[in-house]
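Please read the structure below before turning to the comments.
The values are calculated or read from the model by the stated rules, or taken from the named source; none is laboratory data. As the structure is a computational prediction, the values presented were derived from the model and not from experiment. A quick note on method: Cβ atoms are made from the backbone with ideal geometry, for glycine too, and the neighbour counts reach across all protein chains shown. SASA here: full protein model, heavy atoms, side chains in, ligands and nucleic acids out. Shrake-Rupley method; radii C 1.70, N 1.55, O 1.52, S 1.80 Å.
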Amino acid sequence: MSCVRAVRGLAPVCGFQPLAVLSRGVSFSLRQVASDASFHSVSFSESDHPRVLITGGLGQLGVGLAKLLRKQFGKYNVILSDIRKPPAHVYQSGPFIYSDILDYKNLREIVVNNRISWLIHYSVLLSAVGEANVSLARDVNITGLHNILDITAEHGLRLFIPSTIGAFGPTSPRDPTPDLCIQRPRTIYGVSKVHAELMGEYYHHRYGLDFRCLRYPGIISADSQPGGGTTDYAAQIFHDAVKAGRFECNLRPDTRLPMMFIDDCLRATLEVLEAPPETLGMRTYNISAMSFTPEELVKEIRRHLPDLQVTYEIDPVRQAIADSWPMVLDDSSARSDWGWKHNYGLPELVQTMLNFTGSDSRKARAN
């Protein structure tokens, strides 16, 4: 971080009077800074569509969500950001900028200069990767979150932060897991997500931040590479099945976890972002579509690829994580409050994934 802050200024709309900031040893009042920043912020009445910034946009969900939102709100109203160089097709599909969530000043400038009104915060280190580098996960998942919270509260943004089944722990009820229960996760990823849920709700109640959060199950996508999550096997198996006819699974065959196809996940995210505030009975919701085990997934795939060979080489770290997570998510509140409804069950998921990966494989062989 380039500066050490005492208390960052929050705009008067949040009911917080800013104090002071210490930057390279120089103190100055944030009252004028907050006032100027408020002048640049945008309200929904100023535009027909929100101006959206997606952090961590090159991950599994960011590119797909940007595509969906651009169809809804216009190509130039949705800005993808990341610290990595985007592939050509992403760069050419719409606005992309460099953004490091640990650089508070840069992030604040992006929000102000682009008149951002919605911020979707996808920057995160996932479960298995986070356990391998706890200090980096703490920086990205917690320090970065604090920057996001302060900036979105200061400028009156609508903030979406995904949570996860990893926010629950071994003492949580697992079948089903309700929205409200004991959590106490045992991974830095899970701990940081519980922290995000509680901090987001605190900022909502204390400063009026329009915070919205969905606890995602395992998300399965054909057009992005697995990112180090415990549920990644459920996507990787399709690629290996089509290309090699065999797959090595790192979880036990009877490990049941909640899952969702990416199209349902992206649609749920848009729906909760667009939901009128009065329909939201809570700020953090479970959502789900299906729950299955590796052996159930293999059985369904073999209906299409009967010669698929599967072996099990258990990763003790990932297995321990999976054993602490919900088996089934209770998402009845999301269904009743804002009308959530999934489109893909296990048969539809398998057919869609095989169609996609099979098509890619045939193209590769033809070339």
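Considering only Cα atoms, the convex hull volume of region 275-367 works out to 168 Å³ per residue.
Each residue of region 245-262 is assigned a 3J(HN,Hα), and the resulting list reads x, 8, 8, 10, 9, 9, 10, 4, x, 9, 7, 8, 9, x, 9, 7, 6, 4 Hz, derived from the Karplus form 6.51 cos²θ - 1.76 cosθ + 1.60 (θ = phi - 60°), x at Gly and Pro. Under the combined filter of DSSP loop state and at most 16 neighbouring Cβ atoms within 10 Å, region 288-353 retains these GluC sites (Glu not before Pro): E313. Atom-type composition of the exposed protein surface of region 124-365 places 50 percent of the accessible area on carbon and sulfur (1.4 angstrom probe). The gain in end-to-end length when the E313 to V129 segment is fully stretched comes to 64.4 nm, 0.36 nm per residue minus the alpha carbon separation. Using the structure shown, list the pairs from K85/K105; K67/K299; K71/K299 with a Cα-Cα distance above 25 Å, or answer none. Violating the 25 Å Cα-Cα cut-off are K67/K299; K71/K299. Using amide H atoms built in the peptide plane, which far-off residues or other-chain residues are under 5 Å from Y312 H to H? Under 5 Å from the amide H of Y312 lie the amide H atoms of C249, each far enough along the sequence or on another chain. Here's the list of aspartates and glutamates a cross-link from K341 could span, going by alpha-carbon distance under 18 Å and ignoring same-chain residues fewer than 8 apart: D179, D263, D264, E271, E274, D330, D331. Sorted on the mean count of surrounding Cβ atoms within 10 Å across their residues, most packed first, peptides 332-340, 203-211 read 203-211, 332-340. For the pair C181 and T279, label points projected 7 Å from Cα toward Cβ lie 2.6 nm apart.
If the segment from T143 to D254 were pulled out straight at 0.36 nm per residue, it would be longer than the present Cα-Cα gap by 36.3 nm.
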